[in-house]
Amino acid sequence: MAFETQRLIHTFAALADLGQEIAEKSDFEEMVRSSFHMLLGSLAIRRGALAEYEAGEETLRFIANRGFGDEFPAQLTLKREEVERLLGSFAREAAASERRANLPLDQKELLDRQGVELSIPLIVRGDLIGLVLLGGKASGDPFTDEDRELLDSMARHIGVGIKTHRLLEALEQKAEENRQLYDGLRQIYKDTVRAFATAIDIKDKYTQGHSERVGRYSGLIAGELGWSEDQVEGIMIAGYLHDIGKLIVERDIINAPYRINAKESKELNQHPAAGYEILEPIHHPYADLPLMARHHHERLDGNGYPDGLKGDQISLGARIVTLADSFDAMTTDRPYQKRRTLDEVIIDLRMNAGKQFDPQVICALCRALLKEIQGESKERRFRKLLGKGYIDDERIVPLLVELISDLDPQSTPLAAGRM
């Protein structure tokens, strides 16, 4: 009884250690090597080899070898009918000799020359995963039925480990393929949106490129506010599409080379609501897009349109697009006025902080511009958008610093929150 108890404890300990080894190892080759060495060590077996079966090529490819030497083959051929015979013998719990008999004759002779005494198929849910070939025990004693039970159990653990690792690799490959597909679809979506933006701006010969620039300014502001990459991408899309409602406005009104009258202004002012109606039925990755189009002419003081919203009734995303839209309007030529100098724009931002524009959003724009001027940002995105020679560093830096200090003395970043 004491011997039987000791044997059971040994078996349980060997299986527990093997299970932990397989579960903890993320590297496939390390898992195979260490778990196979544990199998050999469980009965002090001198030589052994572990093969993985590749069904598509009908081969057993050896992935671990201990003690068999250089003459041992790198792989063995195993046809489908031979696999079925091997699986059948295992299902009947046939003796090791019968399992060996189900290998091709030339392979049996080769394995005999190498001193293989025991072969154990690795079978998981009826599929052949691989094969364990074992030499004799160091003691010279023959394998007992209890030994074979232990080795069969350990081999099943290793087979499950190999199968699990291969499934995870397949899942990772599929996940990578899906990620590439998603990235491709995402790029198609962005390209389509930018094509829409171009179509919008083509209608206005004086402001071509406006929607593109508003999208980029919106992204710069959101990035400075600490928004995530996905949120920044979303606000850029909102910028690209903010004027989509102009598609329903008469071209003559949009291109009028003068300040339009009240009637024309009323028609033009319908474009935010029209933009909402165009975008709302469409399923977008960024849920607030239609509302940002609708509210990009709202003002903090409630004097905007179309809904006369005030303060926090206007989403942060809409407040960002509002500033980006106005900043581009002030820094580009229009049919009825030349673009302002940058110091004039900064003065306008100061005058309208808290009225038309969110002070924290103004600070984010100014901080992003200041960082580029002072060399903290190397991308020179503002200079590309505003054009060469527009930014006078010596004049602008003090104005930016003063405005940031006045509007946000604590320089507390604003969380992204809801777009």
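The values are calculated or read from the model by the stated rules, or taken from the named source; none is laboratory data. Keep in mind it's a predicted model, so treat the numbers as computed, not measured. Here Cβ is always computed from backbone atoms with ideal geometry, including for glycine, and neighbour counts include all displayed protein chains.
Within region 58-85, the set of residues being under 25 Å from Gly41 (Cα atoms) and within 38 Å of the chain's Cα centre (by Cα) comprises Leu60, Arg61, Phe62, Ile63, Ala64. Considering Gln337, Gln313, the condition of being at pLDDT 95 or above, surrounded by fewer than 17 Cβ atoms within 10 Å (Cβ to Cβ) and not aliphatic (A, V, I, L, M) is satisfied by Gln313 alone.
Which one is surrounded by the most Cβ atoms within 10 Å (Cβ to Cβ), of the residues in region 274-300 that are in contact with a helix residue (DSSP H, G or I) (Cβ under 6 Å, 6 or more places away or on another chain) and more than 16 Å from Ser218 (Cβ to Cβ)? That would be Leu300. Listed by position, the helices (runs of 4 or more DSSP H) contained in region 182-272 that have at least 3 residues being outside the structural domain of Leu291 (by TED's automatic domain parsing), of a type in the set (Gly, Ala, Ser) and surrounded by 12 or more Cβ atoms within 10 Å (Cβ to Cβ) form an empty set. Of these, Gly140, Gly126, Gly161, Gly136, which one is touching a Pro at 6+ places or on another chain (Cβ under 9 Å) and either of a type outside the set (S, T, N, Q) or modelled with pLDDT under 85 (or both)? Just one listed residue meets the conditions, Gly136.
Please work out which residue is surrounded by the most Cβ atoms within 10 Å (Cβ to Cβ), limiting yourself to region 124-135 and to residues that are small (Gly, Ala, Ser) and touching a strand residue (DSSP E or B) at 6+ places or on another chain (Cβ under 7 Å). In this case the residue turns out to be Gly130.
Looking at Phe62, Phe68, Phe72, Phe36, can you tell me which residue is assigned by TED's automatic domain parsing to the domain that holds Leu150, modelled with pLDDT of 80 or more and either among the acidic types (Asp, Glu) or part of a helix (DSSP H, G or I) (or both)?
Answer to the selection: Phe36.
Restricting the search to helices (runs of 4 or more DSSP H) fully inside region 329-419 and requiring at least 1 residues that are over 37 Å from the mean Cα position of the chain (by Cα) gives 342-352, 393-407. Among the criteria (1) surrounded by fewer than 16 Cβ atoms within 10 Å (Cβ to Cβ); (2) at pLDDT 80 or above, the one Gln6 does not fulfil is (2). Consider Gly304 carefully, then state whether it is within 22 Å of Cys363 (Cα to Cα), assigned to a loop (DSSP other than H, G, I, E, B), out of contact with any Pro (no Cβ under 6 Å at 6 or more places or on another chain) and in the same structural domain as Ala353 (by TED's automatic domain parsing). Judged against the criteria, Gly304 is a match. Can you name the residue in region 131-168 that is in a helix (DSSP H, G or I) and either among the β-branched types (Val, Ile, Thr) or not assigned by TED's automatic domain parsing to the domain that holds Ala64 (or both) and, of all such residues, is nearest to the chain's Cα centre (by Cα)? So the residue we want is Thr164. Within region 168-197, residues that are farther than 24 Å from Leu247 by Cα reach partners that are in a helix (DSSP H, G or I) with beta carbons closer than 8 Å, at six or more positions or on different chains, in the pairs Glu169/Phe28.
In this structure, does Ala64 turn out to be over 12 Å from Ile129 (Cβ atoms) and touching a residue at least 24 places away in the same chain (Cβ under 8 Å)? Here the answer is yes, as Ala64 does meet what is asked.
Residues in region 144-163 that are touching a strand residue (DSSP E or B) at 6+ places or on another chain (Cβ under 9 Å), of a type outside the set (A, V, I, L, M) and touching a residue at least 60 places away in the same chain (Cβ under 8 Å): Asp147 alone.
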